[in-house]
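Heads up, the thing below is written out as structure tokens.
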Amino acid sequence: SAVISQKPSRDICQRGTSLTIQCQVDSQVTMMFWYRQQPGQSLTLIATANQGSEATYESGFVIDKFPISRPNLTFSTLTVSNMSPEDSSIYLCSAEWGGTEAFFGQGTRLTVV
Amino acid sequence: AQTVTQSQPEMSVQEAETVTLSCTYDTSESDYYLFWYKQPPSRQMILVIRQEAYKQQNATENRFSVNFQKAAKSFSLKISDSQLGDAAMYFCAYGVGNTGKLIFGQGTTLQVKP
């Protein structure tokens, strides 16, 4: 199994600013993922982050808005850029393990005012 | 494209009773994984149970079991002897191949009454 530390756990940000969320895994993993969970909703995949290559974004998500870094096999960041109140959500990172299971960080609750 | 549907936004159960949460999915793939995740108010996603599509035998984990009907593309979760700590949002999820990528259903909020 993998233990994933995500920070910050929550933040309140002004519109127009950016926030970078960090995700640290306690072991090396090939793929990491970033999900968004809007209030009262399900999880939607933003992008897949592989080490050494650009992230792969899902439909409706773009790199300019959600730039992702994956500098090594245990760490990734997601930046939410030029924030608006519509970006208020929970953002979760996850790590694939053996191709059969995904482990999750505890999530970042973002409120944009 | 694969989809996952949970048609029960909310369910409630008496403590010590049994409850079943429903999930259907759509895929043209033959090899995949299905999961149930629990999300308590802490937001932490906790894996409850996993089913490999190639296995006919239904997965069980202590008080949790699934009814996997591959032909019907149905994957329900049964919670036996419900406990107050089972109260949470439950998500059914489809695992895309060996990618680790998950597609989630809309979620079912489970209330456990003492």
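Quick notes on this structure:
- When residues of region B:8-33 are limited to those that are modelled with pLDDT of 95 or more and outside any strand (DSSP E or B), the one least open to solvent (accessible area, probe 1.4 Å): B:Cys23
Results for (1) loosely packed, with under 13 Cβ neighbours inside 10 Å; (2) within 11 Å of chain B (Cβ to nearest Cβ); (3) modelled with pLDDT under 95, shown as yes or no for each residue.
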residue: A:Gln28; (1), (2), (3): yes, no, yes
residue: A:Gly52; (1), (2), (3): yes, no, yes
residue: A:Phe61; (1), (2), (3): no, no, no
residue: A:Lys65; (1), (2), (3): no, no, no
residue: A:Ser76; (1), (2), (3): no, no, no
residue: A:Thr79; (1), (2), (3): no, no, no
residue: A:Pro85; (1), (2), (3): yes, no, no
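- The set of residues in region A:54-65 being in a loop (DSSP other than H, G, I, E, B) and over 12 Å from A:Thr44 (Cβ atoms) consists of A:Glu54, A:Ala55, A:Val62, A:Ile63, A:Asp64, A:Lys65.
- Unmet requirement for A:Arg70, which otherwise passes all of (1) within 12 Å of chain B (Cβ to nearest Cβ); (2) of a type outside the set (S, T, N, Q); (3) surrounded by fewer than 22 Cβ atoms within 10 Å (Cβ to Cβ); (4) part of a strand (DSSP E or B): (1)
- Within region A:1-26, the residues that satisfy the criterion of being open to solvent by 70 Å² or more (accessible area, probe 1.4 Å), part of a loop (DSSP other than H, G, I, E, B) and of a type outside the set (S, T, N, Q) are A:Val3, A:Arg15, A:Asp26.
- Residue match in region B:104-113 (condition: in contact with a helix residue (DSSP H, G or I) (Cβ under 6 Å, 6 or more places away or on another chain), among the β-branched types (Val, Ile, Thr) and in a strand (DSSP E or B)): yes
The values are calculated or read from the model by the stated rules, or taken from the named source; none is laboratory data. Since the model is a prediction, treat every value here as computed from it, not as a measurement. Don't worry about glycine lacking a Cβ; one is built from the backbone with ideal geometry, like all the others, and counts go over all protein chains shown. Surface areas here come from the heavy atoms of the whole protein model, side chains and all, with no ligands, DNA or RNA. Shrake-Rupley method; radii C 1.70, N 1.55, O 1.52, S 1.80 Å.
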